[in-house]
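**Student:** This is the structure I want to talk about, given as structure tokens.
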Amino acid sequence: MLSQPEPLSPRNSRVKHLRDIARSRASRESEGVVLVEGATLVSEALAAGWDVLEEFVGPGGEQVTAGVCTPLTAAALERVATTTEPQPNLALVARRQSEVTSDVRSVMVLDGLGDPGNVGTLIRSAEAAGLDAVICTPGTADVLSPKTIRSSAGAVFHVPVIEMSLDDIAEAGFLLVATSSHRGTPYRSFNWSQKIAVVMGNEAHGVDQGGKISEWVQIPQRGRSESLNVAMAGTLIAFALAESVAGGGETLAR
């Protein structure tokens, strides 16, 4: 009978490495890995075909992968985890590269969004609506940070996420469409039948316009609020675009 390995302690160099991966975008990108927290999210990565390099399990947890599994002490788990109440399963997963292929026609662009919670929520909405991809411009919060992964509820593993500039997106043949609370075509009357890239701008400064936006759509508001949260607005537009595509490109106005 094989003996079980000793759980890693907080002082172990591997625990320090995992903590660095969880907290440093530069480390994640240079090493080509990401740390996934929680059995549900690890299972989502597996279901989407991502390469789980190693699983780590703390007290009370059970292995959910079929590969290498290393135990952690409770103190080591707390040292690595980014939540106040850590779930016992962690996994080191290889990053995946995606690209815009010729059949991609409906995408959501996250233009310099800084809040990982908003980034994750919009990725979740784009995947739920059935959009072909999510594109992030340089300067957008890391789509594979632990908080973004949690906010996406694992959707980040199921939809292609690509980094491109607005110029490159336009050169790829997409019509750049941005949202506004006060100008443009009401979104339910807009013609969504083209090759569309819906651009959602930074929470504080909005879209980096620079003459790149081709069309504006308006989300009419009847109350006193000045505008919707970017994640709420993006969710509305994602499902409007998806509904129009499903209907053959017709407008949604009735």
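Only the coordinates and a few stated rules stand behind these numbers; no lab work does. Since we're looking at a predicted model, the values are computed, not measured. Counting neighbours? That spans all protein chains shown, and the Cβs are built from the backbone with ideal geometry, glycine included.
**Student:** Can you list which of the trypsin sites (Lys or Arg not before Pro) found in region 167-215 are DSSP loop residues with at most 10 other C-beta atoms within 10 Å? Intermediate results must be reported in sequence, preceding the final value.
**Tutor:** On the way: sites: R183, R188, K195, K212; in loops: R183, K195, K212.
Sparse-neighbourhood loop trypsin sites (Lys or Arg not before Pro): R183.
**Student:** Moving to a separate point now. Which residue, E171, E163, E99, tops the fluctuation ranking in a GNM of the chain built on C-alpha contacts under 10 Å?
**Tutor:** Its mean-square fluctuation being the largest, the pick is E171.
**Student:** Can you give me the angle between helix 230-246 and the longest principal axis of the chain, using Cα atoms only, in degrees from 0 to 90, rounded to the nearest 10?
**Tutor:** Orientation of helix 230-246: about 70 degrees from the principal axis.
**Student:** Label point 7 Å out from R23 along Cα-to-Cβ: which residues of region 67-89 have amide N under 16 Å?
**Tutor:** Answer for this model: 75-86.
**Student:** Can you pull the one-decimal nm distance between simple spin-label points at L53 and T83, each 7 Å off the Cα toward Cβ?
**Tutor:** 2.3 nm
**Student:** What ranking do L41, L90 get, fewest neighbouring Cβ atoms within 10 angstrom at the top?
**Tutor:** Values: L41 23, L90 30.
By the 10 Å Cβ count, ascending, the order reads L41, L90.
**Student:** Would you mind computing, in nm to one decimal, how far apart the modelled labels at Q221 and L175 are, each placed 7 Å from Cα along Cα→Cβ?
**Tutor:** In this crude label model, Q221 to L175 measures out at 2.5 nm.
**Student:** While we're looking at this one, here's another question. For region 83-175, what's the radius of gyration and Dmax over Cα atoms, in angstrom?
**Tutor:** Gyration radius and largest Cα-Cα distance of region 83-175: 13.7, 46 Å.
**Student:** Based on the Cα gyration tensor of region 13-94, what are the three equivalent ellipsoid semi-axes, each the root of five times an eigenvalue, rounded to whole Å and given largest first? The partial results should precede the final answer.
**Tutor:** Details: eigenvalues 57, 55, 23 Å².
They are 17, 17, 11 Å, listed from largest to smallest.
**Student:** Oh, and also: For region 151-190, what does the alpha-carbon gyration tensor say about shape, rounded, prolate or oblate, given a ≥ b ≥ c as the root eigenvalues, a/c under 1.5 as rounded, and a/b over b/c as prolate?
**Tutor:** Working: a/c = 2.65, a/b = 1.35, b/c = 1.97.
Cα axes put region 151-190 in the oblate bin.
**Student:** Excluding F56 itself, calculate the net charge of residues whose Cβ lies under 11 Å from the Cβ of F56, where each Lys or Arg counts +1 and each Asp or Glu counts -1. List each step's numbers first, then the result.
**Tutor:** On the way: positive: R14; negative: E37, E54, E55.
Counting the neighbours of F56, the net charge comes to -2.
**Student:** To test your reading of the geometry: what angle, between 0 and 90 degrees and rounded to tens, separates the Cα axis of helix 13-23 from the longest principal axis of the chain?
**Tutor:** Taking the Cα atoms of the chain, the angle to 13-23 is about 10 degrees.
**Student:** Let me ask you something else. Give me the compactness ratio for region 129-254, meaning the Cα radius of gyration over 2.2 N^0.38 Å. Don't skip to the end; give the middle numbers.
**Tutor:** On the way: Rg = 14.6 Å, N = 126, 2.2 N^0.38 = 13.8 Å.
Relative to the 2.2 N^0.38 Å estimate, region 129-254 comes out at 1.05.
**Student:** Please find the FRET efficiency linking H205 to S30, where r is the Cβ-Cβ separation and R0 is fixed at 41 Å, and quote it to the nearest 0.05. Please list the in-between numbers first.
**Tutor:** Values: r = 29 Å, r/R0 = 0.70.
That pair, H205 with S30, gives E of 0.90.
**Student:** Something else about it: Enter the Cα centre distance for the pair region 118-133 and region 6-43, rounded to the nearest angstrom.
**Tutor:** With region 118-133 and region 6-43 each reduced to a Cα centre, they are spaced 25 Å.
**Student:** Show that you can apply the helix-only estimate: for the chain, add -39,500 (n - 2.57) for every DSSP H stretch of four or more residues, divide by all residues, and state [θ] at 222 nm to the nearest 500.
**Tutor:** The helix-only estimate for the chain comes to -9000 deg cm²/dmol at 222 nm.
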